[in-house]
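> Below are the structure tokens for one structure; questions will follow.
The values are calculated or read from the model by the stated rules, or taken from the named source; none is laboratory data. This is a predicted model, so every value here is computed, not measured. Positions of Cβ are backbone-derived with ideal geometry, glycine not excepted, and every protein chain shown enters the neighbour counts.
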Amino acid sequence: MMKVQEIRELIKLIDQSQIDEFSYENEGTKVSMKKAGGQVVTSVAAPQAAPQQPAPQANPEVEQPAAPAPQQPAAEQPKEERTEAPSKGADYDEEVKSPMVGTFYRSPDPDSDPFVQNGDKVKPDSVVCIVEAMKLFNEIEAEVSGEIVEILVEDGELVEYGQPLFRVKSV
């Protein structure tokens with residue numbers, strides 16, 4: 001299954017290019033994107049998934065360039081979920097940010113314990129929360145190593161693209 005980060009990178013590349021329609025299939029996961037009214041509309045289907053449902057739309061404020069933007073390999077693209085080097089005196093090193101607009105959930109279901117709490121150690125592949133967007137539940141990974149020092153969002157709260165969710169101190 002493709003990671004949320006990979007899907008976001010595809011959305012950005014398509015949004016910044018003059019491509020009107022794009023489909024990609026890998027190991028049973030199919031991603032289809034089509035520009036509609038200047039925005040990229042995306043659908044993702046996993047091997048056991050229900051019928052395709054559209055994923056979050058790309059940033060609508062991005063204007064289409066006159067020529068296609070050069071594509072960079074995914075490894076060279078900047079990470080947007082985190083920021084580094086906060087102001088002096090801060091008790092954290094990085095922030096885990098929301099990769100999309102949606103509803104923030106700290107646990108996989110209401111009866112379960114939260115994925116992480118203050119003081120928990122995380123690795124780059126640690127799931128820290130779920131963001132629900134258009135009935136798709138997207139597991140958000142820390143993408144940094146360290147200790148959770150602050151949880152900035154309440155369970156069930158709506159979050160914006162790029163909004164800080166957690167503060168992490170490197171250890």
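> For segment 32-49, give me each residue that is at pLDDT below 75 and of a type in the set (A, V, I, L, M).
ALA36, VAL40, VAL41, VAL44, ALA45, ALA46, ALA49
> Which residues, counting only those in segment 135-171, are on the phi > 0 side of the Ramachandran plot and touching a Ser or Thr at 6+ places or on another chain (Cβ under 7 Å)? Lay out the reasoning, then the answer.
Residues of segment 135-171 on the phi > 0 side of the Ramachandran plot: 135, 143, 146, 156, 162.
Matches in segment 135-171: GLY146, GLY156, GLY162.
> What number of residues within segment 120-171 satisfy the criterion of being outside any loop (DSSP other than H, G, I, E, B) and either in contact (Cβ under 8 Å) with a residue 60 or more places away in the chain or within 12 Å of SER98 (Cα to Cα) (or both)?
Narrowing segment 120-171 to residues outside any loop (DSSP other than H, G, I, E, B): 121-122, 127-133, 136-141, 146-151, 158-159, 164-169.
Cutting the leftovers down to either in contact (Cβ under 8 Å) with a residue 60 or more places away in the chain or within 12 Å of SER98 (Cα to Cα) (or both) gives us 128-133, 136, 138-141, 158-159, 164-169.
Qualifying residue count, segment 120-171: 19.
> Among the residues of segment 19-31, which ones are modelled with pLDDT under 75 and over 19 Å from MET134 (Cβ atoms)?
Matches in segment 19-31: ASN26, GLU27, GLY28.
> What is the residue count in segment 137-160 for residues that are of a type outside the set (D, E, K, R) and buried (at least 18 other Cβ atoms within 10 Å of the Cβ)?
In the first step, residues of segment 137-160 are kept if they are of a type outside the set (D, E, K, R); the result is 137-138, 140, 142, 144-146, 148-149, 151-153, 156, 158-159.
Adding the requirement that they be buried (at least 18 other Cβ atoms within 10 Å of the Cβ) leaves 138, 140, 142, 144, 146, 148, 151, 153, 159.
Total meeting the criteria: 9.
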